[in-house]
Amino acid sequence: MAQVAIIAHKEVPADDINKERLLDFYSGESRWWSSDVPVVVYDLNVKGLTRETFYKYLGRTSSRMKSMWLRRKLSGEGDPPESMRDAGDLVASVVETPGAIGFVPHEAVQGNPDVKVLALIAWEN
């Protein structure tokens, strides 16, 4: 069994995250961790099990999420998550960006003290 890790900048004011809050962040419904810490959302732009598992967990397809992001952008309600080309780039961006959150294969961050793992999503191979 493999796992998707939901990771965040190590100083975010949370130690875990539930599906509803994660969906709020990724849909743009919520833009703040707390009153003074904005959320910076990163998306993994690599098609495969990690991305598929993440969006399945949220109860959305990646194409449905893209439609929501486009609608928000066109209405002036916010920009879509920044899309990263691979797990290494996403991890580096989360490490460097206060308030950042993203998702990667768990093995990409195992033992990495520079990020917080807020949740693990399992999938069967």
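Work through the residues other than PRO98 whose Cβ is under 13 Å from its Cβ and net out their charges, Lys, Arg +1 and Asp, Glu -1. It would help to have the intermediate numbers written out before the result.
On the way: positive: LYS10, LYS116; negative: GLU11, ASP36, GLU96, ASP114.
That sum, taken over residues with Cβ under 13 Å, equals -2.
Within 10 Å of each candidate Cβ there may be at most 13 other Cβ atoms; applying that plus a DSSP loop requirement, which trypsin sites (Lys or Arg not before Pro) in the stretch 42-125 survive?
Working: sites: LYS47, ARG51, LYS56, ARG60, ARG64, LYS66, ARG71, ARG72, LYS73, ARG85, LYS116; in loops: LYS47, ARG60, ARG85.
Qualifying residues, ordered by number: LYS47, ARG85.
Can you compute the modelled spin-label distance between LEU49 and SER83, with each label point 7 Å from Cα toward Cβ, in nm?
About 2.4 nm, to one decimal.
Where a Cα-Cα gap under 26 Å defines reach, which lysines qualify for LYS47, not counting those fewer than 8 residues away within the same chain?
Correct list for LYS47: LYS19, LYS56, LYS66, LYS73, LYS116.
Do the sum for the chain: with -39,500 (n - 2.57) for every DSSP H run of n ≥ 4, divided by all residues, what is the mean residue ellipticity at 222 nm, to the nearest 500 deg cm²/dmol? Intermediate results must be reported in sequence, preceding the final value.
Details: 4 runs with 42 residues, N = 125.
Result for the chain, helices only: -10000 deg cm²/dmol.
What fraction of the DSSP beta bridges in the chain is antiparallel, stated in percent and rounded to the nearest 5? Don't jump to the answer; show the numbers that get you there.
On the way: 15 of 20 bridges.
About 75 percent, rounded to the nearest 5.
Each value in this text was obtained by applying a stated rule to the coordinates, not by laboratory testing. Because the structure is a prediction, the values reported are computed rather than measured. In this analysis, Cβ positions are derived from the backbone assuming ideal geometry, glycine residues included, and neighbour counts consider all displayed protein chains.
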